[in-house]
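Have a look at the structure below before the remarks.
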Amino acid sequence: MPRTAAAMLAIACGACIFDADYRGGTYTCSDGVCPSGLACVNAVCVAPHDGGNLVDAASIADAMHALTCGDPGDISRGGARTIAGTTASGANHVSSMCAGLVMNGPDDVFRVTAVAGDKLDVSITGDSSVRAYVLATSCPAPPATPICEGAAFTSPGVAALMLTNVGAGTHYVVVDSESAALGGSYSVTVDLRP
């Protein structure tokens, strides 16, 4: 009899629709995956309107981007901003030549828009494999290998990359690695200012 009841319930629910609303709860996303409509920010699933409670709204906006050259996270001009993330298990979207090394590891890409003569400082902390550098005006996909601005990068425990008299327009801050097999967690601080 219980099998018959279960079969009848399964047939009756064949047209059932399940629609869950996960907003308002707290869910972890250590694997980077959240239910539809939520973004994984700092290992917590959040909705875009939850910004003031769990993380800053700018981090949520970044989480809604693919962090690729075609869909970079946006960093505003006029003050330092720190972004936490991970390139672990990521993909290589851009390859660059920096300080004699080809950066072809998994990467995250952020965009800044400078006014001619701006200063741009970039520093990074996190896993020893992560690097941060800046590309001017374009962010081409591999096999293109543009040269980093200043032909340099920064890494955890190293002084910030400091660029002066930056050209007007779009620049890309890239968190990357020289090893295709190595990604890691990071906190990158970007300060674009007059």
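For Leu192, the conditions (1) over 19 Å from the mean Cα position of the chain (by Cα); (2) farther than 26 Å from Ser89 by Cα all hold with the exception of (1). When Ala99, Ala88, Ala114 are checked against the criterion of being modelled with pLDDT of 75 or more, in contact with a helix residue (DSSP H, G or I) (Cβ under 8 Å, 6 or more places away or on another chain) and either surrounded by 14 or more Cβ atoms within 10 Å (Cβ to Cβ) or small (Gly, Ala, Ser) (or both), Ala99 stands alone in meeting it. For the stretch 123-146, the candidate set comprises residues that are β-branched (Val, Ile, Thr) and within 21 Å of Gly70 (Cβ to Cβ); within that set, the residue that is farthest from the chain's Cα centre (by Cα) is Thr145.
The residue list Gly157, Gly105, Gly169, Gly117 contains one member that is under 16 Å from the mean Cα position of the chain (by Cα) and not hydroxyl-bearing (Ser, Thr, Tyr), which is Gly105.
The values are calculated or read from the model by the stated rules, or taken from the named source; none is laboratory data. Owing to the predicted nature of the structure, the values given are computational and were not obtained by experimental measurement. Methodologically, a virtual Cβ is constructed for each residue, glycine included, from the backbone with ideal geometry; neighbour enumeration extends over all protein chains shown.
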